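A quick write-up on the structure given underneath.
The values are calculated or read from the model by the stated rules, or taken from the named source; none is laboratory data. Since the structure is predicted, the reported quantities are computational estimates derived from the model, not experimental observations. We place every Cβ from the backbone using ideal geometry, glycine too, and count neighbours over all the protein chains shown. These accessible areas exclude ligands, DNA and RNA; they are computed on the full protein's heavy atoms, side chains included. Shrake-Rupley method; radii C 1.70, N 1.55, O 1.52, S 1.80 Å.
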Amino acid sequence: MLLPSHAFAVLGQPFDRPRVGYVLSWRHPPGALNGLPNLKVVFSLGAGVDHLLVDPALPDAPIVRVVDSDLTARMSEWVVMHALIHLRQLRRYERQQRERLWADDDGQPKAADVQVGVLGLGVLGRDAAAKLGTLGFRVAGWSATPKTLDGVDTFSGADGLARLLAQTDMLVVLLPLTAETKGLLDAGLFARLKRDGPLGGPILINAGRGGLQVDADIVAALASGALKGASLDVFEREPLPVDSPLWRHPAVYVSPHNAAISEAGAIAAAIARQIEAFERGEPLENVIDRARGY
Ligand code: NDP
Ligand code: OXD
């Protein structure tokens, strides 16, 4: 058993509020953490913390997020899978198979012909960028602060974003949702992507957060040719409403916000380790910066 000397309570059932030292949360109801006078740390049960920061009454305690090698590996699997699906035109060959059609008229571009732009070069973005590079894709990345990474051309700031977009065939988004990134993936951004690449148009792959994107602009960009295809794990509204045109769009892959699920046992063990270390006087790890929002 983890933390045998600590008692556990579940939100929604009666508990003694002054005894609460730690909270573990995934999308708690806003205001639910009010009146916890001895709260020391809030643990996010995900890598993202936007679900906590939307609570205007969130107590002023440090917020620790999930950083986990298994979660990182799963996210890179999802990103690499979708990069390859679009590169190798999986949907076309599935259709041809259903139609028993043996046709390969226009050949296939190779990974080295394709320029990938990764928005977000944090724990997840860096790992995905490295793995895409191993497959032969040309990889560039964008972050808030300048970075130097082996095998990845790096950009930062608004100018950097414009330069990265202009050369990008496939846009992979692994940004957090913050006041600055909300709605970034809109018609204006899609219009700045490279149009004449080897894939016949730009591809959007977003597993960051739905709030980063404008779903209607994605649909419109697919219709206008500003986007050729998309793989989306996250949506403005989740679950994705049944009447969303994204469900049935032939150039769109939808997954139900499960690109990288946190493995419960590993996350619980990591939180228990952090609490034990904190109580020995050691510093917390993976504390987010509230002012930045991630
Ligand atoms: P990190 O905090 O490690 O990295 C965030 C990256 O985004 C950093 O490189 C940061 O730049 C960059 N960034 C933030 N704001 C801006 C901005 N305004 N302009 C440019 N770059 C910016 O996060 P992770 O990599 O661990 O996770 C990223 C997100 O992935 C999570 O916040 C979550 O929303 C999502 N996620 C989705 C999952 C899913 O299943 N779909 C699972 C897990 C996470 P800098 O390095 O300069 O600070
Ligand atoms: C996370 C998520 O942030 O699963 O961990 O979205």
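Of 230, 221, all but one fail to be part of a strand (DSSP E or B), farther than 18 Å from residue 67 by Cα, more than 14 Å from ligand 1 (Cβ to nearest atom) and open to solvent by less than 30 Å² (accessible area, probe 1.4 Å); the exception is 230. If we scan the range 246-269, do we find a residue that is part of a helix (DSSP H, G or I), free of Cβ contacts under 8 Å to residues at least 60 places away in the same chain and surrounded by fewer than 20 Cβ atoms within 10 Å (Cβ to Cβ)? Checked against the condition, which is being part of a helix (DSSP H, G or I), free of Cβ contacts under 8 Å to residues at least 60 places away in the same chain and surrounded by fewer than 20 Cβ atoms within 10 Å (Cβ to Cβ), the range 246-269 yields at least one hit.
Residues that are free of Cβ contacts under 8 Å to residues at least 40 places away in the same chain and either touching a Pro at 6+ places or on another chain (Cβ under 6 Å) or open to solvent by 20 Å² or more (accessible area, probe 1.4 Å) (or both) within the range 157-180 comprise 157, 158, 159, 162, 163, 166, listed in sequence order. Quick check: is even one residue across the range 86-107 within 16 Å of ligand 1 (Cβ to nearest atom), in the same structural domain as residue 129 (by TED's automatic domain parsing) and surrounded by fewer than 17 Cβ atoms within 10 Å (Cβ to Cβ)? No: zero hits. Among the residues of the range 41-66, those identified as surrounded by fewer than 18 Cβ atoms within 10 Å (Cβ to Cβ) and either basic (Lys, Arg) or more than 10 Å from ligand 2 (Cβ to nearest atom) (or both) are 54, 56, 57, 59, 60, 61, 62. Scanning the range 25-40 for residues that are surrounded by fewer than 12 Cβ atoms within 10 Å (Cβ to Cβ) and more than 25 Å from residue 280 (Cβ to Cβ) turns up 29, 31, 34.
Scanning the range 102-117 for residues that are of a type outside the set (A, V, I, L, M) and closer than 14 Å to residue 87 by Cβ gives 106, 107, 108, 109, 110, 113, 115.
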